[in-house]
Structures are given as structure tokens and as C-alpha cells.
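J.: Shown below is the structure under consideration.
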Amino acid sequence: MFRENMEADVTFDSDDAGRFDPDTDDAYSSTEEMAVVESPPKIISRGVDVFYGDTQALFGVDIDIRPNEVTALIGPSGCGKSTFLRCLNRMNDIIDGCSVRGSITLDGRDIYAKSVDTVHLRARVGMVFQKPNPFPKSVYDNVAYGPKIHGLATDKDDLDAIVHSSLERAGLLDEVKDRLHEPGTGLSGGQQQRLCIARAIAVEPEVILMDEPCSALDPIATSKIEDLIDEMRNNYTIVIVTHNMQQAARVSQRTAFFHLGKMIEYGHTDTIFTNPNEVRTRDYITGRFG
Amino acid sequence: MQLTILLATLLILTVIGFHMGRSRAVSTAVSGIGHLNSLPSYYGIYVAVWCGVPAGVVLILWLLFEPQVVETLVVAGLPEAARTLPENKLDLLLNDIRNLAVGNIVSRDVDPEMQRAADHYASIRRMGGAAMIGVVLALAVAGIGFGRKAISPELRARTRIENVLMVFLIGCSTIAILTTVGIVLSLLFESLRFFQLVSPVEFLFGLEWSPQTALREDQVGSSGLFGSVPLLAGTALISFIAMCVAVPVGLLSAIYMSEYAASKVRSAVKPLLEILAGIPTVVYGFFAALTVAPFFRESGNLFGIGISSESALAGGLVMGIMIIPFVSSISDDVISAVPQSLREGSLGLGATKSETIRRVILPAALPGIVGGILLAVSRAIGETMIVVMAAGLAANLTANPLEAVTTVTVQIVTLLVGDQEFDSAKTLAAFALGLVLFFITLILNVAALSVVKKYREQYE
């Protein structure tokens, strides 16, 4: 049922897009071809409701998140996009009185099933937070933290290799290689955020969730992180929550628009930004509210 | 009685001054209250301050210095023979004159000379009292007049009041600091007197404590040994036992309360735990002496171990229970202050709750926890009542927790209880012990505060 909808959307979108902007159309068609040959969605969410005590924060969210793509969740503050993101690795479990209904599957398996261990789930679905939150430890220990608790390294050399490659993939190695044993909290904000990304990568997750990763950073640090996100797409499935619509347009392949706890529209980023189906999406994107 | 009425009058005048100032401010503001520099009530306070403060200060100074002035005047009126008496005899004479004047019992026969002196004294007091009332009230009224006259729309009453407040606050903190300095100085001077009698080396490094000094030269076995090492060792032993109880229990319960307990449980358990801090230490002493110590002795008997009925173990254990709320309360605050983002970061990497606590939260909170523990240690070192009741008075130099030991504070108490002359080595020793204790706790507190300070900088 949902799949049919999606395909209907896609057809409709590509027709419309052609009329507006041939360039986008080209770019878009190629993405669409990719999507057609792609493997099934990495994460499928169906009818997800979230309650904080008696207040309902999310209403029946259906999304398919595709592997090796960046999916952006946009919407005004309090619309539930962060709540949804935190459902994907069950970070909502640690909030008192929060309950989740509906189904979310990762590679076809329900992540809210009783048999699922959140510890393993979170190792597969890593998370980067809004505010850089390095532990008050050295740069090295920050990155080594995850591999240590999951026993990913067999010896010291192995751990060194993991730390180095994680820092390298986060584009931070050159900047910190001489200060691996200085506190991670002493780095600049942008470096701290890349350290947190390196820390997440070090556990070898399949999915990385990013909750407004650039909102506390300056434009230069932001553009570095955006480049990094684009690169990381080759190896990971990325879901990013952002307030910055240009950022969503720049880094993501698909965008979901949330409003008042409901997912209003979901589709290819180009479509959402150039020719959305819903009036509310168009109003939000053109800055009429939010 | 006279003074109460005077104070009440002063207060009433101040209130009147406030209202006069306020209404005057309103009436001077011809073109509306908006043209006043400050709100009308600030002008009221301005006048009230002028009325109350100078009068109050004069009153306090008067009360402080009146007795000396009166005494000097009375002495000046005495005949030559009395004036040249030695100081302590003169004091006695003055005391009798005072008693005679107010109609108390007098320790000697009353001669006309003395009667005259007493009358003189009474008349000076009467005059003084009247003069005080007059001066204070005149000052208060003059203050109202002056303050009221100074009121104009341009007067910056608000900033003036701010300055008055600042001076007042400085005064309060100065009192606190001066008191501390005074206490330290009194300890220091008495200790110096002690060290003239007993050498500091013997006091600090002597291994025996037996503070009995001879009243007569021919008494036997009362040479007086003032080696403080057994006392310090006893203090250290009992504090150590106390911390062995308080730190694990306090810290672990803090971790439970801040990380695991549901908010309902937390709001019920935390106050309960803090009730422990409200129990008077004497009550802990009963508990230690009547319940815990006999229990240890009898359990020891079962296994054939001799445990004295007053033991370091019993005292230390109960003291540890007393300190639990200190450790748990401070640790709980410190752990709760660790940013939630660190917890989420760790949990988001797939760490379990206990891994997060052990590897992220405790290391981040450690300096604060250490600070809290050091504060608890200085509390343990200063504790007296429990030790008096449960650990005994015998100054044994031992590391065996099953024997009776004594602490610095307990010895200070025993040295000063009862009738004592204040110039013997025995009593003066108490001040020297107090000084040592003061330095130990001071160092611990400074260390604790610096550790806590370092911790504060961490998240900024």
C-alpha cells in the first residue's frame, strides 16, 4: 500500500519536475534509476505513535529509509522530527513515561521486539547529537570508548588502528594527530562534533542518526561536516534532523516534512524543495511559517 | 525596659521618616512621578536610613562604651586610698558599689565613703541614660529633617540606597571574617602559652598522652605526658572506619538515586536519607553505646574474640552512618550535574547503564565526589559526641579497631569539663589540640574546595 503510494508520488513528481527545471530533472532521473535498482529499505516505519505520558507527540508516521542515502527530517520546532529520530535507536527508552506504538524494522526485523537488546541495536544505529558532547576524556579515549565496550579490538594495535581510521574517516586525523592524548573537550566546536562522528563511526554502525549536528557550529565547521556527511553516505545510511533547509537540500537525497507530530510529505529532496505536493510543505519551505 | 522603649520609638520614627520621605517626594514632583529620579518609596527609604542609621550607630556605641566611661568617672570620684588599690581589689570594690547602687547584697560593711560612691554611680547612670535617650532621639529627628530636606527630583535615591545596602552587606561579611580571625587568634595565644610549658616537639611527636599534672610537688605518678600522637592516631582510625562505611554506602545510594531510581522513589528516598543528617549526634551516641557496641562485644564473645565494650569499631561505624547523608547528598548533586548529553552520548554508542556510569559519569563527577568526601572527612574528624559515648577515653596508640581509642575532640572535652584552673598545662593543652584540629580540617577543607572548584570549570 505504502509502496504504491511512493511510486505514484515518484511518477507525479518527475512529471512536474520536468516542467520546472531540466537540470534538476536530469539529476533527479539518475537518482530515480538508482532507487529502482536499489536493495529494499534499510528502515521501515509503519504507524509509529509516540506518547510522552498522556501527550501524543507523533501520529502514525510511515517512512522507508533507504540504504546509502541521506534522509533529512525537516519541520518546525516541536514537530516531532527529533522524537522520530530517537525512535530509530530507541533512545526514547531512557525518557520516563515515553511509549512507542507501531512498528519500526531494521533490515526487516522489528527493533521494538522483546528479543532486541538496545545495546546491540545502538551499536548498529549510531547517533550524533545536536550539541557536541565529547566525554571529558582524551581524544583517543573518546574514539576508543565504543570499540572498548563492544570488544571490537583484540589488542592495543588493533584499537590504535580503529581509532586512527575512525578519525581519518571523520576528517579529523590531520588536525588532532599530535594531540590524541589531550582532552577532547579542548577541541573547537566543529572539531568536537567531528570527534563525536568519529566516535560513532568507530563502533562500525550501519545507520547513523544525526540530530541537528550543525546547529551549534559556525558556517565553516558546518560545511566541513556537510562534506563529511556526503562522503559517509557511501558506507552508511544516514538520517539527519535539521532546521536548516538549505542544509537539507544540500546533503540529503530524500526529505520528510513533519508538522505537528505528523509526517506531511516524504519524497526525493529535489521534489520536496521544488515542487511539493502539500501546501503546508510549500509554505514551510518558502518560509511562510516555522 | 528603658532600652526597649527607646528602640521602639526609634523604629516608629524610622517608619514615620519613610512615609514623610515618600509623600515629600510625591509632592515635589510637580510635573508627575515620572520626573522623579527614583520611585517614591526609594526617597522614603532614603529618609528612613538617615533617621535610623546614625541614631542606631550612636546607640550601639553608647551601649558598648558606657560601662567603661562610668567606671572611670566613679573611680575618679573615689578617695585616694581606694584609687591606688591593686586592680583586682579595685574591681571588687567597684562591684560592691554597683551592687549597692542597684540594691543587691554587698560583700562588705557599707561605710559613708562607699555610700557616697554608690550614689555618685547611680546619678551618673541616671544622667547617662537620659542623655542617651536624648541624643539618640535628637539624632533620629535631625536625620528625618536632613533627609527630607535633601529630597528633590534630581536626588538619586535609588543609587544611594544601593550604596547603603552594599556597605551593610560588607559589614555583615566583615563580622563573619573577624569572628573567625578572633577564634584563631585566641586558639593561637593560648597554644603559645601551652608551648611555653610543654615543648612543641614533645606535643607533636610524643607517643603517650596522660595529661595529669601534679597539684602538689609531692604527688606521685602525675608527671603529665602530652604526646598527641595517640589522639591523632585514634582520630585517624575512627575517621577511617567511618569513611569505610560512609563512602561506599553513600556513593552507591547516590548513584542509585540519581541514575536508576524513578523520580517518585527519588523524591521519597532522598528526604528520608537526609533525615539521618538531622538526628542529633548525641542520639547516635546512645545508639552506638547501647546497641552497636554491646552487639559487637557479644558477637566477639561468640567467636572467642575479646572486644572491649567501647571500641573504635563501634564508634567509627555509627559515625559512618551519620556521615552517609553528607556523602550521598553531595555525590547525588554532583552526579546529577553531569550533563545529560554525556549520558546520551554513551548510551547512543551502545553502552549499558552501568558502563555509562562507570566509564563516563563517575570519571566526570569524580572531582566533585572527592570534594564531598573530603568535607565529610573533616566532619568526621570534628565529631565528638559519638566517640565520647562509644569509643572511650583511653588514649591507646593502636591500629586495632576492637580496642578503645580516643580522639582529639574527646580529649578537649575531658580537659575542659569541670572546675579547672586556666593556667595549668592540662587545660592549655586543650587549646593546642584545638589548634592542631583546626589546621587539619582547614587543610582538608581547602583541598576539598579547590577540587570542587576545578570540577566546576570542567563544563564551562
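J.: Mind jotting down the distance between the C-alpha centroids of region B:70-103 and region A:131-170, whole Å?
T.: Using only Cα atoms, the two centres lie 86 Å from each other.
J.: Output the antiparallel fraction of DSSP beta bridges having both residues in the protein assembly as shown, as a percent to the nearest 5. The partial results should precede the final answer.
T.: Values: 26 of 43 bridges.
Looking only at bridges with both residues in the protein assembly as shown, the antiparallel portion is about 60 percent.
J.: Mind listing the long-range amide H neighbours of A:Glu182? Cut-off is under 5 Å, sequence gap 5 or more, other chains count too, H placed in the peptide plane at 1.01 Å from N.
T.: A:Val139, A:Tyr140
J.: So what's the protein assembly as shown giving for Rg/Rh, alpha carbon basis, Kirkwood Rh from the mean inverse pair distance?
T.: Rounded to two decimals, Rg/Rh equals 1.16.
J.: Continuing with this model, one more query. Give me the inter-chain shielding for B:339-346: mean count of other chain Cβ atoms within 10 Å, whole number please.
T.: Mean partner shielding for this stretch: 6.
J.: Follow-up. With a 10 Å radius around each residue's Cβ, average the other Cβ atoms per peptide and rank A:206-215, B:102-111, highest first. Each step should come with its number before you reach the end.
T.: Numbers: A:206-215: 22.9, B:102-111: 10.0.
Ranked by mean Cβ neighbours within 10 Å, highest first: A:206-215, B:102-111.
J.: What order, most packed first, do the peptides B:269-276, B:376-383, A:59-66, A:233-240 have when packing is the mean number of other Cβ atoms within 10 Å of each residue?
T.: Numbers: B:269-276: 13.5, B:376-383: 22.5, A:59-66: 18.8, A:233-240: 20.6.
Ranking, from highest mean packing down: B:376-383, A:233-240, A:59-66, B:269-276.
J.: GNM, chain A, Cα, under 10 Å: largest mean-square fluctuation among A:Asp110, A:Asp218, A:Asp49?
T.: A:Asp218
J.: Please report the antiparallel percentage of DSSP beta bridges with both residues in region A:168-290, rounded to the nearest 5. Intermediate results must be reported in sequence, preceding the final value.
T.: Numbers: 6 of 11 bridges.
Antiparallel: roughly 55 percent of the beta bridges in region A:168-290.
J.: Relative to the longest principal axis of the C-alpha atoms of chain A, give the angle of the C-alpha long axis of helix A:189-201, reported between 0 and 90° and rounded to the nearest 10°.
T.: The angle comes out at about 90 degrees.
J.: On to the next question. Other chains near B:397-408: what is the mean number of their Cβ atoms within 10 Å of each residue's Cβ?
T.: Taking the mean over all residues of the peptide, I get 0.
J.: Further, regarding this structure: For region B:368-438 and region B:157-197, what is the separation of their Cα centres, given in Å?
T.: The distance from the Cα centre of region B:368-438 to that of region B:157-197 comes to 27 Å.
J.: Would you mind checking the tilt of helix A:2-20 against the longest principal axis of the Cα atoms of chain A, expressed as 0 to 90 degrees and rounded to 10?
T.: So the inclination is approximately 80 degrees.
J.: Search the structure for amide H atoms under 5 Å from the amide H of A:Met210, placed 1.01 Å from N in the peptide plane, and list their residues when 5 or more places away or on another chain.
T.: Excluding prolines and chain starts, which carry no amide H, the hits are A:Val128, A:Val239, A:Ile240, A:Val241.
J.: Any idea of the accessible area per residue across region B:98-234, 1.4 Å probe, to the nearest Å²?
T.: Numbers: 9000 Å² over 137 residues.
Dividing the accessible area of region B:98-234 by its residue count gives 66 Å².
J.: Now a separate question. Quick check: net charge around A:Ile44, other residues with Cβ under 9 Å of its Cβ, Lys/Arg +1 and Asp/Glu -1?
T.: Values: positive: A:Lys42, A:Arg46; negative: A:Asp62, A:Asp64.
Once positives and negatives cancel, what remains is 0.
J.: Find me the longest stretch of chain B that has none of the exposed chymotrypsin sites (Phe, Trp or Tyr not before Pro), where exposed means in a DSSP loop (not H, G, I, E or B) with at most 13 other Cβ atoms within 10 Å. Walk me through the numbers before you get to the answer.
T.: Values: sites that count: B:Phe303, B:Phe422, B:Tyr459.
In short, B:1-302.
J.: How big is the accessible area of B:Ile443 in square angstrom, nearest 10, if you roll a 1.4 angstrom probe over the protein chains?
T.: Per-residue accessible area (B:Ile443): approximately 110 Å².
J.: At 1.4 Å probe size, what's the solvent-accessible area of B:Met389? Round to the nearest 10 Å².
T.: About 50 Å², rounded to the nearest 10.
J.: Related question: Considering the dipole of the protein assembly as shown built from charges on the beta carbon (Lys and Arg +1, Asp and Glu -1) around the Cα centre, which of B:Thr427, A:Gly261, B:Leu6 is farthest to its positive end?
T.: About the Cα centre, the residue reaching furthest to the positive side is B:Leu6.
J.: Next question. Applying a 10 Å radius around every beta-carbon, put A:175-183, A:272-280 in order of their mean neighbour count, most first. Write down the numbers at each step before the final one.
T.: Working: A:175-183: 14.2, A:272-280: 19.0.
The most tightly packed comes first, giving A:272-280, A:175-183.
J.: Name the residue from B:Gly371, B:Ser239, B:Gly306 whose Cα lies farthest towards the positive end of the charge dipole of region B:225-459, charges +1 on Cβ of Lys and Arg and -1 on Cβ of Asp and Glu.
T.: About the Cα centre, the residue reaching furthest to the positive side is B:Gly371.
J.: Residue by residue, what Karplus-based ³J(HN,Hα) values in Hz, rounded to whole numbers, does region B:120-132 have, using 6.51, -1.76 and 1.60 with θ = phi - 60° and x for Gly and Pro?
T.: Listing the rounded values in order: 4, 4, 4, 5, 4, 4, 4, 4, x, x, 4, 4, 4 Hz.
J.: Using only atoms on other chains, find how many Cβ atoms lie within 10 Å of each Cβ of peptide A:201-210 and report the average. Walk me through the numbers on the way to the answer.
T.: Numbers: counts 0, 1, 4, 0, 3, 0, 0, 0, 1, 0.
The mean count of partner-chain Cβ atoms within 10 Å per residue comes to 1.
J.: As a test of the definition: with a 1.4 Å probe, what buried accessible area, both sides summed, do you compute for A against B, in Å² to the nearest 100?
T.: Details: alone 13530 and 25570 Å², together 37380 Å².
Result for this pair: about 1700 Å² buried.
J.: Can I ask one more? With respect to the cross-link table entries A:Lys156/A:Lys177; A:Lys137/A:Lys224; A:Lys81/B:Lys353; A:Lys156/B:Lys454; A:Lys42/A:Lys156, which display a Cα-Cα separation exceeding 29 Å? Show your work: numbers first, answer last.
T.: Working: A:Lys156/A:Lys177 17 Å; A:Lys137/A:Lys224 24 Å; A:Lys81/B:Lys353 26 Å; A:Lys156/B:Lys454 32 Å; A:Lys42/A:Lys156 33 Å.
Check vs 29 Å cut-off fails for A:Lys156/B:Lys454; A:Lys42/A:Lys156.
J.: Right, here's the next one. Taking the Cα-to-Cβ direction at B:Asp109 and at A:Asp178 and moving 7 Å from each Cα, how far apart do the two end points lie in nm?
T.: Modelled inter-label distance: 10.2 nm.
J.: If you put +1 on each Lys and Arg Cβ and -1 on each Asp and Glu Cβ, how big is the dipole of region B:50-174 around its Cα centre, in Debye rounded to 20? It would help to have the intermediate numbers written out before the result.
T.: Numbers: 12 positive and 12 negative charges, 161 e Å.
For region B:50-174, the charge dipole is close to 780 debye.
J.: What dipole magnitude, in Debye to the nearest 20, does the protein assembly as shown give about its Cα centre under +1 on Lys/Arg Cβ and -1 on Asp/Glu Cβ? If you can, show how the numbers build up before the last one.
T.: Details: 59 positive and 78 negative charges, 512 e Å.
Roughly 2460 debye, rounded to the nearest 20.
J.: If you line up the long axis of helix A:219-232 against the longest principal axis of chain A, both from Cα atoms, how many degrees apart are they, to the nearest 10?
T.: Roughly 80 degrees, rounded to the nearest 10.
J.: Here is a follow-up. Helix-only estimate, please: 222 nm mean residue ellipticity of the protein assembly as shown, summing -39500 (n - 2.57) across DSSP H runs of length 4 or more and dividing by its residues, to the nearest 500. The partial results should precede the final answer.
T.: On the way: 30 runs with 464 residues, N = 750.
That calculation yields -20500 deg cm²/dmol at 222 nm.
J.: Accessible area of the protein assembly as shown with a 1.4 Å probe: how many percent of it is carbon plus sulfur? Provide the component values of the computation, followed by the final result.
T.: On the way: 23020 of 37380 Å².
Summing carbon and sulfur atoms, their accessible area is 62 percent of the total for the protein assembly as shown.
J.: A further question follows. Assuming 0.692 mPa s and 37 °C, estimate D for region B:188-334 with Stokes-Einstein, Rh taken as the Kirkwood radius over Cα pairs, in µm²/s.
T.: Values: Rh = 18.6 Å.
Taking Rh from Cα pairs, D becomes 176 µm²/s.
J.: Below 8 Å, C-alpha to C-alpha, sequence gap of six or more: please give me the relative contact order for chain B in percent.
T.: On the way: 579 pairs, mean separation 72.7, N = 460.
16 percent.
The values are calculated or read from the model by the stated rules, or taken from the named source; none is laboratory data. Values in this document were obtained by computation on a predicted structure and should not be read as measured data. A quick note on method: Cβ atoms are made from the backbone with ideal geometry, for glycine too, and the neighbour counts reach across all protein chains shown. We work out accessible area using only protein heavy atoms, side chains counted, and drop any ligands, DNA or RNA first. Shrake-Rupley method; radii C 1.70, N 1.55, O 1.52, S 1.80 Å.
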